[in-house]
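Visitor: The structure under discussion is supplied below as structure tokens; questions concerning it will follow.
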Amino acid sequence: MKVTQVKCPQCDLPIYMRQKDDFFYCSSCGTIHVRGIHGVERIPYEIANFRPGTPLDDCHYIPFWRLQCDFQIKSRSVEGGYLHKLSNALKGGDDGGQLRIFVPASDLDIAVFRYWSVNLTVNNPRYSVRDDFADVQRMPATTGREEAIELADFIAVTLEAEKPGTLQYLDYDLEVQEAKVIYLPFISSPSGLHLAV
């Protein structure tokens, strides 16, 4: 087997990685690439700045796909309630509009995946953007754009799975307009992950 050095397609310098990651980050030119079925592709991303005073030794970045979607409800049937979380997350009205869905791009426990995808979709995080990772460790990415788009449907329906009332039927169209990777800083503690923006 032949082993070759991975080089950045943007600046042609070697990319050094400490761990296996589906996203190749070039610290030289600041681009991120992924190897797909059509070759190497550059992906858009942002790095969220951590809250001032965050202990960087305990902090790490987790990548999320932020999917800007058009979401239109064609018909629905809810018994004993209404589409509470989904309605709150939609920008444009109860029957549809813009929806930003956050899909974790790392391998997380299913309960943690569900919690953060729903929480960040309903409460889009506000953050300032920084230029680099400040030597803060990144959790490896394992979920590509196509898989994230498939998971968007699961998250949209999950938004209503925990509310009072029973969702009996929901017919909708979800179209992804933009996909961008957002690296969000988190602190791990015995009680779980805590967003540090």
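Every read-out reported here was derived from the displayed coordinates using simple, explicitly stated rules and does not represent laboratory data. All of these numbers come straight from a predicted model, not from anything done at the bench. Methodologically, a virtual Cβ is constructed for each residue, glycine included, from the backbone with ideal geometry; neighbour enumeration extends over all protein chains shown.
Visitor: Could you sort 56-68, 25-37 so that the peptide with the highest average Cβ count within 10 Å comes first and the rest follow in order?
Guide: For the peptides 56-68, 25-37, the packing ranking is 56-68, 25-37.
Visitor: Next question. If Lys and Arg each add +1 and Asp and Glu each add -1, what is the summed charge of the other residues whose beta carbon sits under 15 Å from the beta carbon of Val40?
Guide: Around Val40, the charge tally is 0.
Visitor: With each pseudo-label sitting 7 Å past Cα toward Cβ, what's the Ile110-Asp70 distance in nm, one decimal?
Guide: 3.4 nm
Visitor: Rounded to the nearest 0.05, what FRET efficiency do Ile37 and Leu170 have when you use their Cβ-Cβ distance and R0 = 30 Å?
Guide: 0.40
Visitor: Let me ask something else. Using a basic spin-label model with each label point 7 Å from the Cα along Cα→Cβ, how many nm lie between Asp135 and Gln98?
Guide: Here the answer is 3.8 nm between the modelled labels.
Visitor: Going highest first, how would you order 183-190, 107-114 by mean Cβ packing within 10 Å?
Guide: Result, highest mean Cβ count within 10 Å first: 183-190, 107-114.
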